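Report on the following structure.
The values are calculated or read from the model by the stated rules, or taken from the named source; none is laboratory data. Remember, it's a predicted structure, so these values are computed and weren't measured experimentally. Here the Cβ is made from the backbone with ideal geometry for all residues, glycine too, and neighbour counts use every protein chain on show. Ligands, DNA and RNA are excluded from the accessible area calculation, which covers all protein heavy atoms including side chains. Shrake-Rupley method; radii C 1.70, N 1.55, O 1.52, S 1.80 Å.
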Amino acid sequence: MIAHEFAYERPTTLEEATRVLTEHSGSVRLLAGGTDLVAWLRDDAVAPDLVVDIKAIPGLDTIELDGDELHVGSLVTFTDLIESEVVAEHAPLLIEMAETVASPGIRNRATMVGNICSAVPSCDAGPVLMAYDTTVHLIGPGGARSVSIDDWFIGLRETACSDDEVVTHLTLALRPHGGVYVKLMRYGGEDLAQAAVGIVEYPGHEYRVAFGAVAPTPIRAHRIEEVLRGKPLGEEVIADAVALVRDEISPITDMRATAEYRARMCEVMLERGLAASHERLEGAGPAYGTRLI
Amino acid sequence: MELSLNVNNEEWALDVAPADVLLDVLRERVGTKSPKIGCERGDCGSCTILIDGRSVRSCLVLAVEAEGHEITTVEGIGADHLSELQNLFISNNSFQCGFCAPGIVLSATELLARNPSPSRHDVQEALSGNLCRCTGYEPIIEAVLAAGERNEEVSA
Ligand code: FES
Ligand code: FES
(Lines give C-alpha, C1' and ligand atoms only; values in the text may rest on other atoms or scores of the structure.)
(Ligands and ions follow the chains in the order given, each with its own letter.)
Protein backbone atom coordinates (compact mmCIF):
# COMPACT_ATOMS: atom_id res chain seq x y z
CA MET A 1 0.00 0.00 0.00
CA ILE A 2 1.14 3.52 -0.77
CA ALA A 3 0.30 5.74 2.18
CA HIS A 4 0.04 9.15 0.60
CA GLU A 5 -2.15 10.38 -2.22
CA PHE A 6 -1.07 11.93 -5.47
CA ALA A 7 -2.59 12.95 -8.78
CA TYR A 8 -1.85 10.98 -11.96
CA GLU A 9 -1.54 12.24 -15.53
CA ARG A 10 -0.91 10.25 -18.69
CA PRO A 11 -0.01 12.72 -21.46
CA THR A 12 0.00 11.46 -25.04
CA THR A 13 2.48 13.95 -26.53
CA LEU A 14 5.76 15.44 -25.35
CA GLU A 15 4.23 18.92 -25.63
CA GLU A 16 1.44 17.92 -23.30
CA ALA A 17 3.95 16.33 -20.92
CA THR A 18 6.11 19.45 -20.68
CA ARG A 19 3.01 21.60 -20.28
CA VAL A 20 1.77 19.48 -17.39
CA LEU A 21 5.23 19.66 -15.80
CA THR A 22 5.55 23.44 -16.12
CA GLU A 23 2.00 24.19 -15.04
CA HIS A 24 2.37 22.11 -11.94
CA SER A 25 3.90 23.98 -9.05
CA GLY A 26 4.23 21.18 -6.49
CA SER A 27 6.56 18.22 -6.64
CA VAL A 28 6.33 15.96 -9.65
CA ARG A 29 7.76 12.55 -10.55
CA LEU A 30 7.95 11.01 -13.99
CA LEU A 31 6.86 7.39 -14.29
CA ALA A 32 8.23 5.00 -16.91
CA GLY A 33 8.78 1.39 -15.80
CA GLY A 34 8.09 2.27 -12.19
CA THR A 35 10.34 -0.41 -10.69
CA ASP A 36 12.15 2.23 -8.64
CA LEU A 37 9.43 4.84 -8.35
CA VAL A 38 6.66 2.60 -7.02
CA ALA A 39 9.04 1.09 -4.45
CA TRP A 40 10.11 4.60 -3.39
CA LEU A 41 6.49 5.76 -3.15
CA ARG A 42 5.72 2.82 -0.92
CA ASP A 43 8.75 3.57 1.27
CA ASP A 44 7.81 7.25 1.42
CA ALA A 45 11.27 8.00 0.06
CA VAL A 46 9.50 10.31 -2.39
CA ALA A 47 6.11 11.95 -1.92
CA PRO A 48 5.16 13.83 -5.10
CA ASP A 49 1.83 15.63 -5.57
CA LEU A 50 1.72 14.48 -9.16
CA VAL A 51 2.95 11.42 -11.03
CA VAL A 52 3.27 11.85 -14.80
CA ASP A 53 3.21 8.54 -16.69
CA ILE A 54 5.09 8.92 -19.99
CA LYS A 55 4.25 5.46 -21.36
CA ALA A 56 1.43 6.71 -23.61
CA ILE A 57 3.73 9.08 -25.51
CA PRO A 58 4.45 7.47 -28.89
CA GLY A 59 7.96 7.26 -30.31
CA LEU A 60 9.88 6.93 -27.06
CA ASP A 61 10.18 3.15 -27.21
CA THR A 62 12.39 2.81 -30.28
CA ILE A 63 15.97 1.72 -30.84
CA GLU A 64 17.34 3.28 -34.01
CA LEU A 65 20.64 3.01 -35.83
CA ASP A 66 21.49 6.21 -37.66
CA GLY A 67 24.91 6.03 -39.33
CA ASP A 68 27.41 5.84 -36.50
CA GLU A 69 24.90 6.80 -33.85
CA LEU A 70 22.55 4.59 -31.88
CA HIS A 71 19.42 6.24 -30.48
CA VAL A 72 17.74 4.56 -27.54
CA GLY A 73 14.35 5.97 -26.54
CA SER A 74 13.50 6.63 -22.93
CA LEU A 75 10.87 3.87 -22.82
CA VAL A 76 13.23 1.14 -24.06
CA THR A 77 13.36 -1.58 -21.41
CA PHE A 78 16.30 -3.78 -20.48
CA THR A 79 14.44 -6.68 -22.12
CA ASP A 80 14.08 -4.63 -25.33
CA LEU A 81 17.86 -4.15 -25.34
CA ILE A 82 18.53 -7.84 -24.76
CA GLU A 83 16.20 -8.79 -27.63
CA SER A 84 17.50 -6.20 -30.11
CA GLU A 85 19.63 -7.44 -33.00
CA VAL A 86 20.83 -3.91 -33.71
CA VAL A 87 22.10 -3.59 -30.16
CA ALA A 88 23.72 -7.04 -30.28
CA GLU A 89 25.61 -6.05 -33.39
CA HIS A 90 26.59 -2.47 -32.59
CA ALA A 91 26.56 -2.01 -28.82
CA PRO A 92 26.89 -5.49 -27.30
CA LEU A 93 27.99 -4.08 -23.98
CA LEU A 94 24.45 -2.80 -23.42
CA ILE A 95 23.25 -6.39 -23.53
CA GLU A 96 26.05 -7.66 -21.30
CA MET A 97 24.99 -5.00 -18.80
CA ALA A 98 21.22 -5.48 -19.21
CA GLU A 99 21.50 -9.22 -18.54
CA THR A 100 22.91 -8.48 -15.08
CA VAL A 101 20.01 -6.23 -14.11
CA ALA A 102 17.79 -8.02 -11.60
CA SER A 103 15.59 -10.67 -13.27
CA PRO A 104 13.19 -10.83 -16.25
CA GLY A 105 10.20 -9.60 -14.22
CA ILE A 106 12.06 -6.36 -13.53
CA ARG A 107 13.81 -6.11 -16.92
CA ASN A 108 10.47 -6.41 -18.74
CA ARG A 109 9.39 -3.17 -17.15
CA ALA A 110 12.48 -1.19 -16.10
CA THR A 111 13.89 1.21 -18.69
CA MET A 112 17.54 2.09 -19.21
CA VAL A 113 16.76 5.80 -19.13
CA GLY A 114 14.81 5.30 -15.90
CA ASN A 115 17.91 3.62 -14.52
CA ILE A 116 20.06 6.71 -15.09
CA CYS A 117 17.26 9.01 -13.92
CA SER A 118 16.96 7.14 -10.62
CA ALA A 119 20.71 7.70 -10.32
CA VAL A 120 21.45 5.36 -7.46
CA PRO A 121 25.16 4.57 -6.94
CA SER A 122 24.77 1.02 -8.22
CA CYS A 123 23.05 2.18 -11.45
CA ASP A 124 24.12 -0.46 -13.99
CA ALA A 125 23.63 1.61 -17.12
CA GLY A 126 25.85 4.48 -15.96
CA PRO A 127 29.33 2.98 -16.43
CA VAL A 128 28.43 1.41 -19.79
CA LEU A 129 26.87 4.59 -21.18
CA MET A 130 29.97 6.51 -20.08
CA ALA A 131 32.15 4.01 -21.93
CA TYR A 132 30.01 4.53 -25.06
CA ASP A 133 30.31 8.37 -25.07
CA THR A 134 26.58 8.85 -24.60
CA THR A 135 24.55 12.03 -24.90
CA VAL A 136 21.27 12.44 -23.01
CA HIS A 137 18.55 14.36 -24.88
CA LEU A 138 15.88 16.21 -22.93
CA ILE A 139 12.92 18.38 -23.73
CA GLY A 140 11.57 21.12 -21.50
CA PRO A 141 9.68 24.41 -21.61
CA GLY A 142 12.66 26.09 -23.27
CA GLY A 143 12.89 23.43 -26.00
CA ALA A 144 15.29 20.56 -26.47
CA ARG A 145 18.80 20.32 -25.04
CA SER A 146 21.41 17.67 -24.56
CA VAL A 147 23.79 16.74 -21.78
CA SER A 148 26.86 14.52 -21.91
CA ILE A 149 26.54 11.45 -19.70
CA ASP A 150 29.72 12.66 -17.98
CA ASP A 151 27.78 15.69 -16.69
CA TRP A 152 24.56 13.81 -16.03
CA PHE A 153 25.06 12.45 -12.51
CA ILE A 154 25.17 15.26 -9.95
CA GLY A 155 24.89 13.30 -6.73
CA LEU A 156 23.00 10.54 -4.99
CA ARG A 157 19.64 10.24 -6.85
CA GLU A 158 20.36 13.61 -8.42
CA THR A 159 20.80 14.32 -12.13
CA ALA A 160 21.13 17.22 -14.57
CA CYS A 161 17.44 16.79 -15.48
CA SER A 162 15.32 19.54 -13.94
CA ASP A 163 11.77 19.12 -12.66
CA ASP A 164 10.15 20.41 -15.84
CA GLU A 165 12.14 18.29 -18.28
CA VAL A 166 11.63 14.87 -19.85
CA VAL A 167 14.40 12.69 -21.26
CA THR A 168 13.44 11.70 -24.81
CA HIS A 169 16.36 9.47 -25.77
CA LEU A 170 20.05 8.68 -25.53
CA THR A 171 22.54 8.83 -28.37
CA LEU A 172 25.53 6.52 -28.30
CA ALA A 173 28.51 7.37 -30.51
CA LEU A 174 29.38 4.11 -32.25
CA ARG A 175 32.86 3.09 -33.29
CA PRO A 176 34.45 -0.32 -33.63
CA HIS A 177 35.29 -1.40 -30.11
CA GLY A 178 35.76 -4.16 -27.61
CA GLY A 179 34.32 -3.80 -24.17
CA VAL A 180 33.19 -5.42 -20.95
CA TYR A 181 30.77 -4.81 -18.12
CA VAL A 182 31.97 -6.60 -15.02
CA LYS A 183 29.59 -6.62 -12.08
CA LEU A 184 30.30 -7.98 -8.66
CA MET A 185 27.25 -9.25 -6.79
CA ARG A 186 26.52 -11.78 -4.11
CA TYR A 187 24.15 -13.79 -6.31
CA GLY A 188 22.23 -13.45 -9.57
CA GLY A 189 18.59 -12.47 -9.58
CA GLU A 190 17.76 -9.53 -7.42
CA ASP A 191 21.03 -8.29 -5.97
CA LEU A 192 22.46 -4.86 -6.65
CA ALA A 193 26.07 -4.36 -7.66
CA GLN A 194 28.67 -4.37 -4.92
CA ALA A 195 31.03 -2.88 -7.46
CA ALA A 196 31.00 -2.65 -11.25
CA VAL A 197 33.20 -1.47 -14.08
CA GLY A 198 32.45 -0.66 -17.71
CA ILE A 199 35.42 -0.65 -20.07
CA VAL A 200 35.71 0.03 -23.78
CA GLU A 201 38.81 -0.06 -25.92
CA TYR A 202 38.66 1.77 -29.27
CA PRO A 203 41.19 1.30 -32.05
CA GLY A 204 44.28 3.48 -31.64
CA HIS A 205 44.66 2.50 -27.97
CA GLU A 206 41.91 4.75 -26.75
CA TYR A 207 40.14 3.60 -23.63
CA ARG A 208 37.08 4.37 -21.53
CA VAL A 209 36.83 3.20 -17.94
CA ALA A 210 33.91 3.92 -15.62
CA PHE A 211 33.00 2.48 -12.23
CA GLY A 212 29.64 1.88 -10.55
CA ALA A 213 28.65 1.36 -6.89
CA VAL A 214 31.95 2.67 -5.52
CA ALA A 215 31.09 6.39 -5.29
CA PRO A 216 27.86 8.39 -4.78
CA THR A 217 27.33 8.23 -8.57
CA PRO A 218 28.74 6.18 -11.45
CA ILE A 219 32.13 7.73 -12.19
CA ARG A 220 34.38 8.01 -15.19
CA ALA A 221 38.02 7.11 -14.31
CA HIS A 222 39.83 9.88 -16.18
CA ARG A 223 43.24 9.29 -14.58
CA ILE A 224 43.17 5.64 -15.53
CA GLU A 225 42.13 6.50 -19.09
CA GLU A 226 44.97 9.03 -19.26
CA VAL A 227 47.62 6.53 -18.20
CA LEU A 228 46.35 4.04 -20.77
CA ARG A 229 45.92 6.48 -23.66
CA GLY A 230 47.99 5.66 -26.73
CA LYS A 231 49.55 2.60 -25.16
CA PRO A 232 49.06 -0.97 -26.28
CA LEU A 233 47.91 -3.13 -23.40
CA GLY A 234 50.63 -5.14 -21.72
CA GLU A 235 51.25 -6.36 -18.22
CA GLU A 236 53.05 -3.19 -17.19
CA VAL A 237 50.47 -0.79 -18.60
CA ILE A 238 47.67 -2.73 -16.96
CA ALA A 239 49.55 -2.66 -13.65
CA ASP A 240 49.93 1.14 -13.94
CA ALA A 241 46.19 1.44 -14.49
CA VAL A 242 45.34 -0.89 -11.62
CA ALA A 243 47.60 1.13 -9.29
CA LEU A 244 45.31 4.14 -9.82
CA VAL A 245 42.03 2.42 -8.92
CA ARG A 246 42.03 3.53 -5.28
CA ASP A 247 42.55 7.17 -6.31
CA GLU A 248 39.50 7.06 -8.54
CA ILE A 249 36.92 5.39 -6.33
CA SER A 250 35.51 6.13 -2.87
CA PRO A 251 33.74 2.93 -1.83
CA ILE A 252 31.80 2.61 1.42
CA THR A 253 31.12 -0.31 3.71
CA ASP A 254 27.50 -1.41 3.83
CA MET A 255 25.51 -4.62 4.15
CA ARG A 256 26.60 -5.75 0.67
CA ALA A 257 30.38 -5.46 1.07
CA THR A 258 33.19 -3.72 2.91
CA ALA A 259 35.02 -0.78 1.38
CA GLU A 260 38.25 -2.77 1.28
CA TYR A 261 36.65 -5.72 -0.52
CA ARG A 262 35.09 -3.37 -3.06
CA ALA A 263 38.40 -1.61 -3.70
CA ARG A 264 40.36 -4.84 -4.08
CA MET A 265 37.73 -6.31 -6.39
CA CYS A 266 37.73 -3.17 -8.53
CA GLU A 267 41.44 -3.75 -9.09
CA VAL A 268 40.84 -7.36 -10.09
CA MET A 269 37.89 -6.43 -12.29
CA LEU A 270 39.86 -3.71 -14.06
CA GLU A 271 42.78 -6.05 -14.70
CA ARG A 272 40.60 -8.82 -16.14
CA GLY A 273 38.28 -6.39 -17.86
CA LEU A 274 41.03 -4.59 -19.75
CA ALA A 275 42.43 -7.88 -20.99
CA ALA A 276 39.00 -9.11 -22.10
CA SER A 277 38.11 -5.80 -23.80
CA HIS A 278 41.28 -6.01 -25.80
CA GLU A 279 40.62 -9.60 -26.86
CA ARG A 280 37.11 -8.67 -27.89
CA LEU A 281 38.37 -5.73 -29.91
CA GLU A 282 40.46 -8.24 -31.83
CA GLY A 283 37.42 -10.40 -32.42
CA ALA A 284 38.40 -13.04 -29.89
CA GLY A 285 37.98 -13.33 -26.13
CA PRO A 286 35.04 -14.57 -24.10
CA ALA A 287 31.63 -14.12 -25.75
CA TYR A 288 29.62 -11.12 -24.53
CA GLY A 289 27.63 -12.19 -21.52
CA THR A 290 30.36 -14.42 -20.11
CA ARG A 291 30.97 -13.58 -16.46
CA LEU A 292 34.57 -12.61 -15.77
CA ILE A 293 34.28 -12.91 -11.99
CA MET B 1 -10.29 7.38 -11.40
CA GLU B 2 -12.19 5.19 -13.81
CA LEU B 3 -10.14 2.15 -14.74
CA SER B 4 -11.05 -0.51 -17.25
CA LEU B 5 -9.07 -3.61 -16.64
CA ASN B 6 -8.82 -6.82 -18.64
CA VAL B 7 -8.04 -9.67 -16.30
CA ASN B 8 -7.95 -13.20 -17.73
CA ASN B 9 -10.10 -12.07 -20.68
CA GLU B 10 -12.74 -10.55 -18.45
CA GLU B 11 -13.44 -6.80 -18.49
CA TRP B 12 -13.60 -4.94 -15.21
CA ALA B 13 -14.68 -1.33 -14.67
CA LEU B 14 -13.32 -0.08 -11.38
CA ASP B 15 -12.98 3.19 -9.55
CA VAL B 16 -9.44 3.39 -8.19
CA ALA B 17 -7.10 5.97 -6.69
CA PRO B 18 -3.78 6.73 -8.46
CA ALA B 19 -1.93 5.41 -5.40
CA ASP B 20 -3.63 1.99 -5.60
CA VAL B 21 -1.13 -0.73 -6.44
CA LEU B 22 -2.14 -3.29 -9.05
CA LEU B 23 -1.36 -6.25 -6.77
CA ASP B 24 -3.83 -4.97 -4.15
CA VAL B 25 -6.50 -4.17 -6.74
CA LEU B 26 -6.22 -7.64 -8.27
CA ARG B 27 -6.52 -9.34 -4.92
CA GLU B 28 -9.06 -7.14 -3.15
CA ARG B 29 -11.23 -5.75 -5.93
CA VAL B 30 -11.04 -8.29 -8.75
CA GLY B 31 -10.71 -11.23 -6.37
CA THR B 32 -7.80 -12.97 -8.09
CA LYS B 33 -5.85 -14.19 -5.10
CA SER B 34 -3.11 -16.09 -6.90
CA PRO B 35 -0.64 -13.17 -7.00
CA LYS B 36 0.77 -13.23 -3.47
CA ILE B 37 1.88 -10.38 -1.26
CA GLY B 38 5.48 -11.14 -0.38
CA CYS B 39 8.13 -8.46 -0.09
CA GLU B 40 6.11 -5.73 -1.84
CA ARG B 41 9.35 -4.24 -3.13
CA GLY B 42 10.20 -6.23 -6.23
CA ASP B 43 12.54 -8.75 -4.64
CA CYS B 44 10.65 -12.01 -4.32
CA GLY B 45 8.51 -12.55 -7.43
CA SER B 46 5.49 -13.95 -5.56
CA CYS B 47 3.28 -11.17 -6.99
CA THR B 48 4.24 -11.99 -10.60
CA ILE B 49 1.52 -11.60 -13.23
CA LEU B 50 1.67 -11.42 -17.01
CA ILE B 51 0.94 -8.09 -18.69
CA ASP B 52 0.57 -8.60 -22.45
CA GLY B 53 2.36 -11.93 -22.04
CA ARG B 54 5.35 -10.52 -20.15
CA SER B 55 6.10 -11.31 -16.51
CA VAL B 56 5.84 -8.27 -14.33
CA ARG B 57 5.91 -7.64 -10.59
CA SER B 58 2.43 -6.39 -9.78
CA CYS B 59 3.64 -4.88 -6.48
CA LEU B 60 5.61 -2.35 -8.55
CA VAL B 61 2.79 -1.35 -10.89
CA LEU B 62 0.11 1.23 -10.20
CA ALA B 63 -3.35 -0.07 -11.07
CA VAL B 64 -3.92 2.93 -13.38
CA GLU B 65 -0.94 1.86 -15.49
CA ALA B 66 -2.75 -1.33 -16.50
CA GLU B 67 -5.45 0.47 -18.49
CA GLY B 68 -5.67 -1.02 -21.96
CA HIS B 69 -3.40 -3.99 -21.24
CA GLU B 70 -4.14 -7.69 -20.85
CA ILE B 71 -3.46 -9.20 -17.47
CA THR B 72 -3.05 -12.93 -16.97
CA THR B 73 -2.83 -14.69 -13.62
CA VAL B 74 -2.79 -18.38 -12.73
CA GLU B 75 -6.59 -18.26 -12.54
CA GLY B 76 -6.53 -17.53 -16.28
CA ILE B 77 -3.93 -20.12 -17.19
CA GLY B 78 -5.68 -22.94 -15.40
CA ALA B 79 -9.24 -21.82 -16.07
CA ASP B 80 -10.52 -24.84 -18.03
CA HIS B 81 -7.89 -27.41 -17.20
CA LEU B 82 -4.38 -27.34 -15.82
CA SER B 83 -1.67 -26.50 -18.33
CA GLU B 84 0.94 -29.07 -19.30
CA LEU B 85 3.43 -27.15 -17.20
CA GLN B 86 1.16 -27.15 -14.16
CA ASN B 87 0.72 -30.92 -14.45
CA LEU B 88 4.48 -31.34 -14.62
CA PHE B 89 4.85 -29.21 -11.50
CA ILE B 90 2.51 -31.64 -9.75
CA SER B 91 4.22 -34.79 -10.99
CA ASN B 92 7.66 -33.41 -10.12
CA ASN B 93 6.54 -32.41 -6.64
CA SER B 94 7.73 -28.92 -7.43
CA PHE B 95 6.01 -27.15 -4.57
CA GLN B 96 5.64 -27.61 -0.85
CA CYS B 97 3.84 -24.67 0.76
CA GLY B 98 3.01 -23.30 -2.69
CA PHE B 99 3.36 -19.61 -1.85
CA CYS B 100 5.84 -19.07 -4.68
CA ALA B 101 3.94 -21.28 -7.12
CA PRO B 102 1.73 -18.76 -8.95
CA GLY B 103 4.67 -16.49 -9.64
CA ILE B 104 6.87 -19.34 -10.77
CA VAL B 105 4.19 -20.84 -13.00
CA LEU B 106 3.80 -17.47 -14.72
CA SER B 107 7.53 -16.80 -15.10
CA ALA B 108 7.98 -20.27 -16.58
CA THR B 109 4.94 -19.81 -18.82
CA GLU B 110 6.48 -16.64 -20.25
CA LEU B 111 9.78 -18.45 -20.79
CA LEU B 112 8.21 -21.41 -22.63
CA ALA B 113 6.12 -19.11 -24.83
CA ARG B 114 9.28 -17.38 -26.08
CA ASN B 115 11.69 -20.27 -25.86
CA PRO B 116 9.85 -23.62 -26.16
CA SER B 117 12.87 -25.79 -25.34
CA PRO B 118 15.02 -23.84 -22.89
CA SER B 119 18.37 -24.95 -21.52
CA ARG B 120 18.94 -25.36 -17.78
CA HIS B 121 20.67 -21.99 -17.79
CA ASP B 122 17.68 -20.38 -19.54
CA VAL B 123 15.35 -21.82 -16.89
CA GLN B 124 17.54 -20.66 -14.02
CA GLU B 125 17.77 -17.19 -15.53
CA ALA B 126 14.01 -16.97 -16.15
CA LEU B 127 13.28 -17.97 -12.54
CA SER B 128 16.11 -15.98 -10.98
CA GLY B 129 13.71 -13.40 -9.60
CA ASN B 130 11.33 -15.90 -7.98
CA LEU B 131 12.27 -16.92 -4.47
CA CYS B 132 11.19 -20.26 -3.02
CA ARG B 133 11.73 -20.95 0.66
CA CYS B 134 10.86 -24.65 0.53
CA THR B 135 12.00 -26.69 -2.43
CA GLY B 136 15.61 -25.79 -3.10
CA TYR B 137 14.50 -25.05 -6.68
CA GLU B 138 15.69 -28.32 -8.22
CA PRO B 139 12.23 -29.93 -8.64
CA ILE B 140 10.98 -26.67 -10.14
CA ILE B 141 13.76 -26.51 -12.70
CA GLU B 142 13.22 -30.19 -13.53
CA ALA B 143 9.54 -29.58 -14.22
CA VAL B 144 10.23 -26.68 -16.58
CA LEU B 145 12.93 -28.66 -18.37
CA ALA B 146 10.50 -31.56 -18.74
CA ALA B 147 7.95 -29.20 -20.29
CA GLY B 148 10.63 -28.08 -22.71
CA GLU B 149 11.44 -31.67 -23.63
CA ARG B 150 7.78 -32.38 -24.35
CA ASN B 151 7.67 -29.33 -26.59
CA GLU B 152 10.66 -30.69 -28.46
CA GLU B 153 9.00 -34.09 -28.89
CA VAL B 154 5.85 -32.46 -30.23
CA SER B 155 7.74 -30.36 -32.75
CA ALA B 156 10.05 -33.25 -33.79
S1 FES C 1 5.66 -8.99 -3.58
FE2 FES C 1 6.20 -8.23 -5.51
S3 FES C 1 8.20 -8.95 -5.79
FE4 FES C 1 7.79 -9.53 -3.75
S1 FES D 1 7.03 -24.03 -2.18
FE2 FES D 1 7.10 -22.81 -0.40
S3 FES D 1 7.97 -20.99 -1.15
FE4 FES D 1 8.17 -22.30 -2.82
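Structure notes:
- HN-Hα J in Hz across the stretch B:64-76 - Karplus 6.51, -1.76, 1.60, θ = phi - 60°, x for Gly and Pro: 4, 6, 7, 3, x, 10, 9, 9, 10, 10, 4, 4, x
- Percent RCO, i.e. relative contact order, over chain A, from Cα pairs under 8 Å lying at least 6 residues apart: 16
- Charge dipole (Cα centre; +1 on Lys/Arg Cβ, -1 on Asp/Glu Cβ; no other charges) of the stretch A:7-53 amounts to roughly 40 debye.
- Relative contact order (%) - the stretch A:107-210, alpha-carbon pairs under 8 angstrom, separation at least six: 29
- Cα gyration tensor shape for the stretch B:2-77, rounded if a/c is under 1.5, else prolate or oblate: oblate
- Test item: Cα-centred dipole of the protein assembly as shown, Lys/Arg +1 and Asp/Glu -1 on Cβ, debye: 1100
- Rounded FRET efficiency, nearest 0.05, which uses the C-beta distance separating residue A:284 from residue A:236 and R0 of 30 Å: 0.85
- For residue A:137, solvent-accessible area (1.4 Å; no DNA, RNA or ligand), Å²: 40
- Averaging the Cα positions of each part gives two centres, and for the stretch A:16-45 and the stretch A:170-191 these lie 27 Å apart.
- Mean-position separation - Cα centroids, the stretch B:81-98 and the stretch A:54-121, in angstrom: 34
- Remark: relative contact order (the stretch B:48-156) = 30 percent; criterion is Cα-Cα distance under 8 angstrom and separation of 6 or more residues.
- Chains B and A together bury some 2200 Å² of accessible area, summed over both sides, with a 1.4 Å probe.
- For residue A:66, the solvent-accessible surface with a 1.4 Å probe is about 80 Å², rounded to the nearest 10.
- From phi via Karplus (6.51, -1.76, 1.60), per-residue ³J(HN,Hα) for the stretch A:276-293 in Hz, x at Gly/Pro: 5, 4, 5, 4, 5, 4, 8, x, 10, x, x, 4, 4, x, 6, 7, 8, 10
- Shape call, the protein assembly as shown: gyration tensor on alpha carbons, a/c limit 1.5: oblate
- Only one residue of B:18, B:100, B:6 has its Cα farthest out toward the positive end of the dipole of chain B, where Lys and Arg carry +1 and Asp and Glu -1 on Cβ, and that residue is B:100.
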